[in-house]
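For reference, the structure is listed below as structure tokens.
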Amino acid sequence: MSTKLTVKSAAGDYPVSVGFNIVDEALKTYFDNSSAPACFLFVDENVWKHHQPKLKQIFDEIGLPYRSFIIPEGEKSKSIKQWQVAVNFLLKNGVRRNTPLVAVGGGITGDLSGFAASSALRGIPLIHVPTTVLAMVDSSIGGKTGINHETGKNLIGAFYQPEMVVADTQFLQTLPRKEWINGLSEILKYGAISNSDIFEMSELFFEEDLRQVDQQELIKLIELCMGVKVDIVQKDEFEGGVRAFLNFGHTFAHALEKAADFDQISHGEAVFLGMLAAIDLSNRVGFSIDDRSIRTFRPLYNFGVSSDSLNRDRLIEYMKSDKKMVNEHIRFILLKGWQHPVLRTVKDETQIADSWLAALKEL
Ligand code: GLY
């Protein structure tokens, strides 16, 4: 089973597909129809450990010269230093304007590789092969690429659309449970902002061994989420309006990640808590949201950080260094109702602090 969507973007349309065991054919077809002289394979170190023989076989069969660049796991790879190493690798290995970069990995690999592809020679073709749930449903689609800066997350980057996104669920067979749950948060986000069916369909995440989940149901869920994302980024490619809804929970989450030094809490865990905080804040500003649809999934999360170990006093300050400030006030995506996100500037910092307290009780 495999399904294909098309994303329309200013830089051109590109296909997004999801299925089981589809990556070989998708890449071979792409390269059969391209005049690429060579290619670069940028791959996450864990994916490389598990799938090196398969990836080598695919690229050997494509028959073009290729060089592989391994990206260390962890948010620390989204750094200026690692971006420099990546671009250096491309330039010192003869990259040309028509040499594609194939990024195989999760969100960190995709964001770093995408930014390297956007900046080397002012842009080389980029193909995303997302290997985590999070990257499949969210980060590989829509062209956001970037790295972190000491003042905050994703503060350096570019909108740079790929030529193709191929999500092969076979890669999820070697994905640790924690990473599946990391991706679940972005799935629940789509449930909150766009389609309530997603909550029920996400119950498959309660399966004890996630490698055993029904592939058809999983692919259907991923495709549905991809569809929401495609729809939103087509309406607002450069985040002047509705694309900001995809940041539901993220203003809290980014500050939490920073307070936890980017390594004690994963992005997805932070987004889960961020969504609870955003729902709490929605209620404080006068909306009325019952958080049960999301809270049901709370038992699946195993937060490895205690709230005492976080720099809690700095959380609001960190939010202010995120990109979502207007006239010194923080802007949030809140819920006016389920599947009714709204953009709100909240001036009363006591309300924000109280919502933080409510969310941090979960730790
Ligand atoms: N991950 C949010 C966006 O792509 O806009």
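Answer with yes or no whether ASN182 is within 16 Å of the ligand (Cβ to nearest atom), assigned to a helix (DSSP H, G or I) and within 13 Å of the chain's Cα centre (by Cα). Against the criterion (within 16 Å of the ligand (Cβ to nearest atom), assigned to a helix (DSSP H, G or I) and within 13 Å of the chain's Cα centre (by Cα)), ASN182 qualifies. Of all residues in region 239-253, those that are without any contact (Cβ under 8 Å) to a residue 24 or more places away in the chain have Cβ atoms under 6 Å from Cβ atoms of residues that are of a type in the set (A, V, I, L, M, F, W, C) and crowded, with 24+ Cβ neighbours inside 10 Å, 6 or more apart or on another chain, in ALA253/ALA270; ALA253/VAL271.
A residue that is among the polar types (S, T, N, Q) and in contact with a His (Cβ under 8 Å, 6 or more places away or on another chain) cannot be found anywhere in region 219-237.
The residues of region 181-215 that are of a type in the set (A, V, I, L, M) and in contact (Cβ under 8 Å) with a residue 12 or more places away in the chain, listed by number, are ILE181, LEU184, ILE187, LEU188, ALA192, ILE193, ILE198, MET201, LEU204, LEU210. Of the residues making up region 221-256, those that are basic (Lys, Arg) and either more than 10 Å from the ligand (Cβ to nearest atom) or within 13 Å of the chain's Cα centre (by Cα) (or both) are LYS229, LYS235. Pairing residues of region 140-163 that are surrounded by fewer than 20 Cβ atoms within 10 Å (Cβ to Cβ) with residues that are of a type in the set (Ser, Thr, Tyr) and assigned to a loop (DSSP other than H, G, I, E, B), at Cβ distances under 6 Å and at least 6 apart in sequence or on separate chains, gives THR151/SER321; GLY152/SER321.
Which of the residues belonging to region 128-173 are assigned to a loop (DSSP other than H, G, I, E, B), more than 13 Å from the ligand (Cβ to nearest atom) and in contact with a Pro (Cβ under 8 Å, 6 or more places away or on another chain)? Across region 128-173, the qualifying residue is only GLU163.
Filter region 113-127 down to the residues that are under 18 Å from ASN154 (Cβ atoms) and in contact (Cβ under 8 Å) with a residue 60 or more places away in the chain, then identify the one that is nearest to the ligand (Cβ to nearest atom). Only one residue fits best here, namely SER113. If we keep just the residues of region 280-290 that are in a loop (DSSP other than H, G, I, E, B) and surrounded by fewer than 18 Cβ atoms within 10 Å (Cβ to Cβ), which is nearest to the chain's Cα centre (by Cα)? Checking each candidate, the answer is ASP290.
Is there a residue in region 22-43 that is of a type in the set (Gly, Ala, Ser), buried (at least 17 other Cβ atoms within 10 Å of the Cβ) and in contact with a helix residue (DSSP H, G or I) (Cβ under 7 Å, 6 or more places away or on another chain)? No, every residue in region 22-43 fails to be of a type in the set (Gly, Ala, Ser), buried (at least 17 other Cβ atoms within 10 Å of the Cβ) and in contact with a helix residue (DSSP H, G or I) (Cβ under 7 Å, 6 or more places away or on another chain).
Here's the yes/no breakdown for (1) more than 19 Å from SER139 (Cα to Cα); (2) aliphatic (A, V, I, L, M); (3) modelled with pLDDT of 95 or more:
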| position | (1), (2), (3) |
| --- | --- |
| ASP214 | yes, no, yes |
| ILE232 | no, yes, yes |
| ALA278 | yes, yes, yes |
| PHE287 | yes, no, yes |
| THR296 | yes, no, yes |
| LYS320 | yes, no, no |
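Counting only strands (runs of 3 or more DSSP E) that sit wholly inside region 1-102, those with at least 3 residues that are farther than 30 Å from ASP236 by Cβ are 39-44, 66-71.
The values are calculated or read from the model by the stated rules, or taken from the named source; none is laboratory data. Every value quoted in this text rests on a predicted model; they were computed, and no experiment measured them. When we count neighbours, we look across all protein chains shown, and the Cβ atoms used for this are built from the backbone with ideal geometry, even at glycine.
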